[in-house]
1. Could you tell me the extents of the range 274-427's C-alpha atoms along the three principal axes, largest first, rounded to whole Å?
2. Under a 5 Å amide H to amide H cut-off, with H placed in plane at 1.01 Å, what residues pair with Leu89 once short-range neighbours are removed?
3. Over the range 277-340, how many pairs of lysines fall under 21 Å by alpha carbon, counting only those 8 or more apart in sequence or from different chains?
4. Glu325: accessible area at probe 1.4 Å, nearest 10 Å²?
5. At a probe radius of 1.4 Å, what is the per-residue accessible area of Tyr484, in Å² to the nearest 10?
6. Please arrange Val519, Val507 by accessible surface area, largest first, computed with a 1.4 Å probe and ligands excluded.
7. Probe 1.4 Å, all protein chains in place: accessible area of Glu315 in Å², nearest 10?
8. Using a 1.4 angstrom probe on the protein heavy atoms only, line up Lys130, Lys67 by accessible area, largest first.
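The values are calculated or read from the model by the stated rules, or taken from the named source; none is laboratory data. Keep in mind that this is a model prediction, so the values were computed, not measured. When the accessible area is computed, the model is the full protein with side chains, heavy atoms only, and any ligands, DNA or RNA have been set aside. Shrake-Rupley method; radii C 1.70, N 1.55, O 1.52, S 1.80 Å.
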Amino acid sequence: MASLAADVALADSNGAKRYAETPPRSEEQGRGSYRFKNKRMRKGHGDSSQILQTNGSNEEILLEDVKDLLNSMDLGKEEGMETVLPERLSEVEVSIKQISSTGDGLGFAKDSKQVYVVPFTAPGDNVTAKVFKHFEKEGYSMADFIRVNKPSPHRNESLIKCSYFTTCSGCQFQMLPYDYQLAHKKSIVEKAYKNFSNLPPELIPAIGDTIGSPLEYGYRTKLTPHFDGPPDSRRSDGRNGIKRTFKEVPPIGFMKKGTRQTIDIEDCPIGTSVVRKGMYRERQRIAQEIGNYNKGATVLLRENTARIPKSEWDEAQNTPDSVIEEKGEFIYKKTCITDPKAQTTEHIPPYQFTNPAGAFFQNNNSILPRFTQYIRSHILPQTPSSHPKIHHLIDAYSGSGLFTITLSSLFTTSLGIDISPASITSATQNATLNSLPASRAKFIAADASHLFSSITTPARETVVVIDPPRKGCDESFLRQLVGYGPARIVYVSCNVHTQARDIGVLVGGMKGVDGGFGVGEGGYEIESIVGFDFFPQTGHVEGVAVLRRKTEWNSGGMEESEIKEDDNKNEEKTEGA
């Protein structure tokens with residue numbers, strides 16, 4: 001993709017700059033409230049539930065990390081520590097001690113016990129940062145990264161592949177070796193269960209090493225750059241019939257770190273090659289057609305893959321906008337789709353999936369074979385058991401059928417359930433595409449909060465896969481799940497903090513609910529927990545937790561050998577009678 005980057009550079013250096021300049025920091029508008037800037041997380045299940053006590057928001061996660069750091073440093077006993085905080089926008093020198101679970105560095109200024117949260121930093125860095133927000137009660141301050149004074153031994157600037165790194169909010173870790181990133185993401189999972197599960201340490205197994213992505217760059221199959229409306233536009237324009245126009249091409253890209261401001265970004269190296277081509281093409285189109293816009297817009301860039309047998313391939317099928325890859329007996333022709341309603345195809349050999357381009361599907365297809373194979377190898381018991389064999393799969397939040405379809409060969413029946421009728425339509429089509437009859441892979445639309453009313457398979461012979469949104473499972477769903485009591489649960493999550501919260505309920509017990517072991521008693525044990533790195537160079541980690549239902553003898557009753565011995569004695573007494 002070097003030629004693409006060169007094309008972009010050439011296009012933007014030819015004559016006057018076509019895109020509006022991003023204002024310097026000194027001219028930035030107000031940032032708004034840092035807290036709960038993500039409205040979706042502000043409405044999480046923790047706000048309305050007496051049992052689910054967290055939303056897993058960045059603010060909650062960061063505060064826990066700040067508390068842990070302050071406790072570990074034992075700064076409360078130090079004398080002469082500064083209590084007067086620097087003025088807003090003043091610069092401070094900060095020594096970074098650790099990376100938080102939000103991806104930001106945490107450190108201290110000299111003779112101060114206030115924690116400074118500085119992005120794009122690593123433990124051991126000494127940096128200059130500009131303060132923009134104090135949270136005095138909580139003991140931390142938000143700051144912008146300005147420069148490195150003394151680099152950490154973990155920092156390697158030669159690894160950085162994006163000229164917008166330390167400005168764009170997309171990536172946090174490009175300066176860190178990949179093995180260091182994976183080790184840090186393991187610690188994110190560990191801290192999530194320590195801080196949000198409410199479980200004693202002895203009930204949490206050792207967290208597995210994070211499973212890495214085959215691609216560290218060029219992995220994202222979907223990007224959504226955007227541009228804002230004309231600078232003079234107002235919310236009331238629509239009501240008053242006013243249509244504003246652009247006087248120049250606005251910045252087209254992503255948000256500036258810590259702000260609500262869009263910065264102009266010509267290229268994104270974590271996108272796949274064909275998505276990056278699409279980004280360049282769409283920027284040129286918008287520049288030519290900007291007169292047709294009177295408000296901002298988001299641009300969809302989604303990879304589509306056509307798999308063509310080599311025997312049927314003709315070079316004439318190649319186009320300037322496509323990317324060609326050879327894999328075994330097939331040619332993979334990749335194109336970039338920008339219409340949200342157009343169909344796109346993903347391949348996870350031997351399976352393939354079609355979806356509307358605007359619908360959700362995992363955005364790193366390079367790791368999907370590892371991911372789905374891991375779940376296939378852990379969804380059933382690892383050792384022989386005297387309990388009934390598991391024959392049935394329930395895939396809650398099934399989407400377009402990723403788990404239902406890739407796991408179906410292990411089960412007699414597989415049922416995928418999703419609230420979205422459109423997702424059920426896609427899933428049903430994908431089952432047909434992969435030659436799975438309805439008797440093997442069936443899909444129904446239902447609200448997760450009423451999901452189990454339609455379940456007829458025996459719980460002792462059933463495994464449930466859960467892959468909820470970032471806010472996790474709601475209380476009514478967990479009540480149903482506990483009451484149903486499947487033999488095993490595999491919980492997949494893009495937010496390991498709400499995952500830890502929900503698993504804490506399944507393992508520790510749910511107030512007022514009897515899952516077969518007494519009211520309020522937990523019905524499950526954690527078999528394994530591991531993270532998957534779907535998004536290298538960022539602070540995100542996907543969690544996979546496997547739970548097994550406790551047996552009656554593990555919950556305070558007799559051991560299995562004692563039960564068998566007691567059964568034999570009863571049989572002898574019956575025969576003697």
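1. The Cα atoms of the range 274-427 stretch 70, 43, 22 Å along their principal axes.
2. HN-HN under 5 Å from Leu89: Val131, Phe132.
3. Numbers: Lys277/Lys333; Lys277/Lys334; Lys310/Lys327; Lys310/Lys333; Lys310/Lys334.
Final tally of qualifying lysine pairs is 5.
4. 60 Å²
5. My reading of the accessible area for Tyr484 is about 50 Å².
6. Details: Val519 100, Val507 15 Å².
The ranking, largest first, comes out as Val519, Val507.
7. Probe radius 1.4 Å; accessible area of Glu315 about 120 Å².
8. Lys67, Lys130
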